[in-house]
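Here is the structure we will look at, set down as structure tokens.
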Amino acid sequence: MSHGVDLTTLNALLSLFRKASTQASWRSALEVLMVELRSFFIFDNIAIYSSSEAESGALEVIYARALGRGKSAEADAAWGERVAGEVIANAQILLQIPPRSNLPNTGRLELPYTLGLPLLSGARVLGAMIFIRFGGPPFEADQIHLAALISAWASCLLERRSWEETYRQLNEVQYRIRLQDDFLATVSHELRTPLGFIKGYSTTLLRQDTKWDEATQREFLTVIDEETDRLAQLIDDLLESARLQSKTLNFKFQPMRVDALIRDAVIRFHQRHPEVVVRLDISPLPPILGDTIHLMRVLENLFSNAVKYAPGSDIEISVEQRGNMVHVRFSDHGPGIPPEHQAMIFERFYRVPGSHASSTGTGLGLYICKQIVTAHRGKMWVESEPGHGATFHIQLPLQPDEPREKGDALCPSVC
Ligand code: ADP
């Protein structure tokens, strides 16, 4: 009897491998392989486990499918775990044949023929691939050879998976480094500019050889005053973002009304920008448990961004109750934010390229806003159609999910 794999099967397998290798990701390659494999390799169930977590005893199920009679096994791949553990521990093929049953009514599902193959990369065991046939036919030698070929290919896919993951992590690190670099450049610029003004105007005022009239002195002092505020704001942002990151920012949660907070914020804003039209659509709402100072900070950031990025635009704010949430919409009619940047603007240091030629900023404002809202167990996002303005949405729960003590709390782990 020949134990060789026939040429037709080998050819079919080869073209399947070729087809799978052109897939964009390891997962779709595996999917193609597993789905089409059954046309020349009989099995009911298949599962692939990764042993990366083996030290902790848990195997990760990479793929599981119950194609044939044992469809009930599809939901979980626990059926193969014991065999997989053994295959991984011994780094060897394992064949299990069901004990002969004398009972006439033994169901096929009670007679599993199991074939376990290790997935290897050199001497390293990456995982295991388990095939099951319920009620036979038994795995013959040529089929075991064929399965070994398939498992060698699956091992390459597991390798590819770990490379893809490493590649993703590297990209992420590279992205973070770039943000940090941009941030350093921005912060040094943002620190130097006000310092330059403060130094220049104070030196001018202190000159012994010139006398300045009162109006000029006032003008210079006003610049010094404004630039000092700008510096203080930058330092506050830096500290606040560092505290949010290290989860050490203190929150004082008290019953408070968002509608009242917004009215206060608008009054404050109008003191500085009486020229900007703010339209309000607000009705009294039930209180939330919130930190007034931090939520005021969120609104101030949104106002300041609207002035910076949508100059000359009206601002519209509406608040309503939606279920057990308070929903705030804060809109301007400025240039808006391109879709590919909308999720990113809430990241630390992120600024939309090209949007801030004439505006100051560090890319911390919206990060701080979102973290504060998240600390209230709320949500914050933006909707924007470029050219038609931006709408920032904030949802805050009327009642927290779990009872929370009134008073001080550190920024919870959601930050
Ligand atoms: P900063 O204003 O310091 O750059 P933010 O975190 O407040 O940082 O904002 C991040 C980026 O989001 C800004 O650099 C800007 O590109 C964009 N952005 C924020 N608000 C608006 C807005 N209302 N309209 C258009 N773009 C905005």
At a probe radius of 1.4 Å, what is the per-residue accessible area of Arg161, in Å² to the nearest 10? 60
Per the Kirkwood treatment, what hydrodynamic radius in Å, one decimal, follows for region 254-397 from the mean inverse distance over all distinct Cα pairs? 15.3
In Å, the Kirkwood hydrodynamic radius from C-alpha pairs for region 226-304 sits at 14.3
Hey, how many Å between the Cα centroid of region 103-152 and the Cα centroid of region 185-209? 76
Considering the alpha-carbon set of region 7-161 alone, what are its Rg and its Dmax in angstrom? 15.2, 50
Can I get the semi-axes of the chain's equivalent ellipsoid? Compute them from the C-alpha gyration tensor as square roots of 5 times the eigenvalues, in angstrom, largest first. 64, 26, 19
Computed FRET value (nearest 0.05) for Arg329 with Arg38, which takes r as the C-beta separation and R₀ as 35 Å: 0.10
With every protein chain present, what accessible area does Glu385 have (1.4 Å probe, heavy atoms only), rounded to the nearest 10 Å²? 120
Taking the chain as a Gaussian network, where each spring joins two C-alpha atoms under 10 Å apart, which residue of Val266, Val35, Val258 fluctuates the most? Val35
Simple spin-label estimate for Ala89/Phe17, 7 Å along Cα→Cβ, in nm, reads 3.2
Quick one: how many Å² of Met380 are accessible to a 1.4 Å probe, rounded to 10? 10
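Below 8 Å, C-alpha to C-alpha, sequence gap of six or more: please give me the relative contact order for region 7-161 in percent.
For region 7-161, the relative contact order is 23 percent.
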Full extension from Ala152 to Met256: what is 0.36 nm times the residue separation minus their Cα-Cα distance, to one decimal in nm? 31.2 nm
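The values are calculated or read from the model by the stated rules, or taken from the named source; none is laboratory data. These numbers were taken from a predicted model, which means no experiment stands behind them. Positions of Cβ are generated from backbone atoms using ideal geometry, with glycine treated the same way; all protein chains shown enter the neighbour counts. Ligands, DNA and RNA are stripped out before the accessible areas are found, and what is left, the full protein with its side chains, is counted by its heavy atoms. Shrake-Rupley method; radii C 1.70, N 1.55, O 1.52, S 1.80 Å.
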